[in-house]
Amino acid sequence: MSEILQQLSQYPVSTRLSLNGTIIVGRDIAHAKLKERMDRGEGLPQYIKDHPIYYAGPAKTPEGYASGSLGPTTAGRMDSYVDQLQSQGGSMIMLAKGNRSQQVTDACKKHGGFYLGSIGGPAAVLAQGSIKRLECVEYPELGMEAIWKIEVEDFPAFILVDDKGNDFFQQIQTSQCARCVK
């Protein structure tokens, strides 16, 4: 993970990326389960420290496909977990859609994390072209809310929040406001 973080640190927000390798997938309930572990003093599982996390839940996999539709969910629902997860070395690279709170930008700056944006609309096409494998890692009884692992090739993403406290959405708002004043 440290090599990936060093590499990402070289690029400004808005940089388009093509992700390859293993990504962990989890949504609201998965994050609540991870928080319960931390609160009990158990620490985080290694997979959440070693890989980026994609805020999503897989739809049913059609026959002949590696995965069903797997589009990003809105990131803001996980904001309250980020600082605690990153303080223990987890969720250092997050992938989803939508803007994040200042709390997340601050956590990324403090812990060296990143938030990457993914494309929300064409989730079925994204799954068909980029997701090569899908398997359940933990909590299979939760269905799509379980923790999953995917293998991806050329998965499109953009840097939206970096390890220096830069936030793409805040930069756009500032630029738009500056143009409006003129």
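Throughout, read-outs are computed from the coordinates displayed, never taken from laboratory work. Because the structure is predicted, anything quoted here is derived from the model rather than measured. Note that we place each Cβ from the backbone using ideal geometry, even for glycine, and neighbour counts take in every protein chain shown.
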Handout entry: Rh (Kirkwood; distinct C-alpha pairs) - region 53-120, Å
Key = 12.7 Å
Practice task
Pop out the ³J(HN,Hα) list for region 99-108 in order, Karplus 6.51 cos²θ - 1.76 cosθ + 1.60 with θ = phi - 60°, rounded to Hz; leave Gly and Pro as x.
Solution key: 7, 10, 6, 4, 4, 6, 4, 5, 5, 4
Practice task
Could you calculate the contour length gain from ALA59 to PHE158, that is, 0.36 nm times the residue separation minus the distance between their Cα atoms, to one decimal place in nm?
Solution key: 33.3 nm
Exercise for the section: Using only the Cα atoms of region 1-96, build the gyration tensor, take square roots of its eigenvalues as a ≥ b ≥ c, and label the shape rounded, prolate or oblate: rounded if a/c is under 1.5, else prolate if a/b is larger than b/c, else oblate. Expected result: oblate
Handout entry: Dimensions (Å) - region 2-181, Cα atoms, principal axes, largest first
Key = 54, 40, 28
Handout entry: Debye log10 I(q)/I(0) for region 106-148, one point scatterer per Cα, at q = 0.19, 0.34 Å⁻¹
Key = -0.87, -1.03
Practice task
Report the label-to-label distance for ASP28 and ASP50 in nanometres (one decimal), using points 7 Å from each Cα along the Cα→Cβ vector.
Solution key: 3.0 nm
Handout entry: Amide H contacts under 5 Å for LEU17, placed H, 5+ residues apart
Key = ALA157, PHE158, ILE159
Problem - Charge sum, other residues only, whose C-beta stays under 14 Å from VAL13's C-beta, Lys/Arg counted +1 and Asp/Glu -1 - result: +1
Practice task
Determine, for each peptide in 88-96, 137-145, the mean count of other beta carbons within 10 angstrom over its residues, then list the peptides with the highest first.
Solution key: 88-96, 137-145
